[in-house]
1. Which of the residues spanning segment 91-109 are assigned to a helix (DSSP H, G or I) and either under 17 Å from residue 3 (Cβ atoms) or touching a strand residue (DSSP E or B) at 6+ places or on another chain (Cβ under 9 Å) (or both)?
2. Can you tell me how many residues in segment 51-90 are outside any strand (DSSP E or B), modelled with pLDDT of 95 or more and within 19 Å of residue 37 (Cβ to Cβ)?
3. Those residues that are at pLDDT below 95 and closer than 11 Å to residue 66 by Cα, I need them from segment 110-140; list them, please.
4. With (1) touching a strand residue (DSSP E or B) at 6+ places or on another chain (Cβ under 7 Å); (2) modelled with pLDDT of 95 or more; (3) in a helix (DSSP H, G or I) as the list, and residue 44 as the residue in question, which single condition is left unmet?
5. Just one of 77, 46, 26 is in contact with a helix residue (DSSP H, G or I) (Cβ under 9 Å, 6 or more places away or on another chain) and more than 14 Å from residue 3 (Cα to Cα); which is it?
6. Quick check: anything in segment 2-19 over 14 Å from the mean Cα position of the chain (by Cα), modelled with pLDDT of 95 or more and within 18 Å of residue 129 (Cα to Cα)?
7. Residues to consider are 112, 37; find the one that is under 22 Å from residue 2 (Cβ atoms), touching a residue at least 12 places away in the same chain (Cβ under 8 Å), surrounded by fewer than 19 Cβ atoms within 10 Å (Cβ to Cβ) and more than 11 Å from the chain's Cα centre (by Cα).
8. Considering only residues that are in contact (Cβ under 8 Å) with a residue 60 or more places away in the chain and touching a strand residue (DSSP E or B) at 6+ places or on another chain (Cβ under 9 Å), look in segment 61-83 and name the one that is surrounded by the most Cβ atoms within 10 Å (Cβ to Cβ).
């Protein structure tokens, strides 16, 4: 089973907690997932595991369709490192020294989102990837 770690800064606001709980529960069918909230960018940088495939959420990153993201997840699960670490920064993103450690920069949109909303979007897209890869009915 694929191991997914999400490293993020900033506390999740109460209004997002139910969505987080629901998607983390659903994701257990597809991945061993853990979420770590770090105090700041330096703490995130110190927590990076070079044995994982690192994907940074970055407005300057490349945009992918849900199917393309599912392919990236599948490739890492089946042929890659078997583990993915996603990075979600605070309001100003990550400094270049952290971003440069990423194997891939992923952008959900040219729009700017709060880090809390980006986190929920990531959870939903990871769940969607799992359903695409397993042929479950969710993604149309």
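The values are calculated or read from the model by the stated rules, or taken from the named source; none is laboratory data. Quick caveat: nothing in here was measured; it's all calculated off a predicted structure. Reconstructed Cβ throughout: ideal geometry from the backbone, glycine too, with neighbour counts over all protein chains shown.
1. 98, 99 - these are the residues of segment 91-109 that are assigned to a helix (DSSP H, G or I) and either under 17 Å from residue 3 (Cβ atoms) or touching a strand residue (DSSP E or B) at 6+ places or on another chain (Cβ under 9 Å) (or both).
2. 1
3. Result: 139, 140.
4. Just one mismatch for residue 44, condition (2).
5. 26
6. There is at least one residue in segment 2-19 that is over 14 Å from the mean Cα position of the chain (by Cα), modelled with pLDDT of 95 or more and within 18 Å of residue 129 (Cα to Cα).
7. Values: 112 fails: under 22 Å from residue 2 (Cβ atoms).
After ruling out the rest, the residue left standing is 37.
8. 73
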